[in-house]
């Protein structure tokens, strides 16, 4: 068993050294990589000399839209919200902490009754946020 392991250890480095070959014809990276975004019927430009040209075509419907990662308009931070929102949040938190009815809390006798109500509120808030986000974007979906 030890002889087999010793033989394997001797063979492995030799195999790794034999695999080292230049990457490509010259063995060096291109001097310039150019990324081009095409619109309409434009054609991809021809590479000149030692450069690589990468072309991508833009969907005509998305041409003048805000990129998807920048479209989301999240809620403002708590420190930037109005006092009425802060008071409403504090009121809701204190209701849940006290286990009052319709609060979906594991504490208190009536806390379990509000779980369906809480799920419906969360769904409605998510839907309102999506509609608000779509209405802020011209032609939003």
Query - Taking only Cα atoms of the stretch 43-131, radius of gyration then Dmax in Å - result: 24.5, 78
**Report entry** Contour excess over end-to-end distance, with Cα ends at residue 83 and residue 102 and 0.36 nm allotted per residue
**Finding:** 4.4 nm
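Which order results if 57, 128 are arranged by neighbouring Cβ count within 10 Å, fewest first?
Values: 57 13, 128 10.
Neighbour counts put them in this order, fewest first: 128, 57.
Every number in this text was worked out from the coordinates using simple rules, so none of it is lab data. The shown structure was predicted, so the numbers you read here are calculated from the model rather than taken from an experiment. Heads up, the Cβs are rebuilt from the backbone with ideal geometry, glycines too, and the neighbour counts pull from every protein chain shown.
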